Amino acid sequence: MVRAAVIGCGGTGLVLASALAIKGFIVRLFCLSDEDVVTILRNNGVISVHGRGEASVKVSAAHISFLRGGYDLVVYAVRLNAVREVFETVSAKLPDSEHVFIQPSIDVLEIAKGEKWGFLALYTCVRRIAPGVAEWPGEGFVEILGRDGLVSYLGEGLGSMGLRTLFRNSAEDVIWNYFAVNLATQPVAALLGLPLSRLAKNDYARNIIAQLWGEAELVAKEHGIALRRELLDKFLSIRGCIPRMLQDIEQRIPTEIDYINGALLREALGKGVYVPYNDAIYLLVKSLEEEMRSSRQ
């Protein structure tokens, strides 16, 4: 039996753990919070995902500090501000495992350099509604880097839950496109307080999204990558999809803007490309974060 470690017990971690369990993997969730571990264990290891029907599976859980060897597959379902540190710790303990990332940032290309790794671009929205319980809108698709390796089984598991699965061969193409779709939509949703389907119907919001996407195209072109606009249009058509950055604002916690639009700003600076819309949207989200911090004091 193949053993999989899913790092992170948020909504995405629960969905991916369910997909692997559906494919017959022995799955263990490694949480960054003791509270999450206790809740999952109290429920006898049963986690549930609501979307197109309900998937309820049984897994084991532990705090990440208890991670040991013996896992064939490691999936990183942690936030961007933690992924580098978590990967360095986990890969040192599991150097021979297959490592899979899902984070929507080009930073992954640097973090995973030289390792045996895969990538999964999850074009849907996942929301944790309680410890051990997650929901998604029942629509979306996923792009997977390569048909070889255990990551393909993860894609098949997600497919059995209702997500369309597409296989790609270029890491740069998959990651840059996933990155661009997120940088064009997430901050706009966060600032306007709108889910994707509402953004798609708002002419002014779509104009901002188009400008953000266009700037990402310019920077991607400097890296020899041609972005695929149809991915953005498909993502915007998903009904009931509340992007992660909007969820963060609603929960009044720091967003991942530094690792998404901030990453594009760093790349643009290095390539001498002017990206004023991304610069402005980055400053607006950072201003909102600062206001949230001030209101808590």
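The values are calculated or read from the model by the stated rules, or taken from the named source; none is laboratory data. It should be emphasised that the depicted structure is a prediction, and the values quoted were computed from it without experimental measurement. Neighbour counts are summed over all protein chains in view; Cβ atoms, including those assigned to glycine, are modelled from backbone coordinates with ideal geometry.
Against the test of being surrounded by 19 or more Cβ atoms within 10 Å (Cβ to Cβ) and out of contact with any Ser or Thr (no Cβ under 9 Å at 6 or more places or on another chain), the options ILE238, ILE281, ILE253, ILE260 yield a single qualifying residue, ILE281. Somewhere in segment 20-37, is a residue of a type in the set (Val, Ile, Thr), in a helix (DSSP H, G or I), closer than 19 Å to GLY159 by Cα and not assigned by TED's automatic domain parsing to the domain that holds THR255? Yes, the conditions are met somewhere in segment 20-37.
Looking at (1) in contact with a Phe, Trp or Tyr (Cβ under 6 Å, 6 or more places away or on another chain); (2) under 24 Å from GLN211 (Cα atoms); (3) crowded, with 24+ Cβ neighbours inside 10 Å, which is the one condition that is false for TYR178? Checking TYR178 against (1) in contact with a Phe, Trp or Tyr (Cβ under 6 Å, 6 or more places away or on another chain); (2) under 24 Å from GLN211 (Cα atoms); (3) crowded, with 24+ Cβ neighbours inside 10 Å, the one that fails is (1). Which members of segment 80-90 meet the condition of being in contact with an Asp or Glu (Cβ under 8 Å, 6 or more places away or on another chain) and surrounded by fewer than 20 Cβ atoms within 10 Å (Cβ to Cβ)? Residues satisfying the conditions are ASN81, ARG84. Taken over segment 181-215, the criterion of being surrounded by 17 or more Cβ atoms within 10 Å (Cβ to Cβ) and without any contact (Cβ under 8 Å) to a residue 40 or more places away in the chain is satisfied by LEU199, ALA200, ALA205, ILE209, TRP213. Here no helices (runs of 4 or more DSSP H) wholly within segment 149-262 include at least 3 residues being of a type in the set (Lys, Arg) and over 17 Å from the mean Cα position of the chain (by Cα). Scan segment 54-96 residue by residue and report those that are of a type outside the set (A, V, I, L, M) and touching a residue at least 40 places away in the same chain (Cβ under 8 Å). Scanning segment 54-96 gives GLY70, TYR71, ASP72, TYR76, ARG79, ASN81. Restricting the first member to segment 102-114 and to residues that are in contact (Cβ under 8 Å) with a residue 60 or more places away in the chain, and the second to residues that are basic (Lys, Arg), the beta-carbon pairs closer than 9 Å and six or more apart or on different chains are GLN103/ARG79; PRO104/ARG244; ASP107/ARG84. Looking across segment 109-156, the residues that are among the small types (Gly, Ala, Ser) and surrounded by 21 or more Cβ atoms within 10 Å (Cβ to Cβ) come down to ALA112, GLY118, ALA121, GLY132, ALA134, GLY140, GLY155.
With respect to (1) among the hydrophobic types (A, V, I, L, M, F, W, C); (2) within 14 Å of THR12 (Cβ to Cβ); (3) free of Cβ contacts under 8 Å to residues at least 40 places away in the same chain, the lone exception for LEU158 is condition (3). When the residues of segment 222-235 are filtered to those that are in contact (Cβ under 8 Å) with a residue 60 or more places away in the chain and within 13 Å of ILE209 (Cβ to Cβ), the one that is surrounded by the fewest Cβ atoms within 10 Å (Cβ to Cβ) is LEU231.
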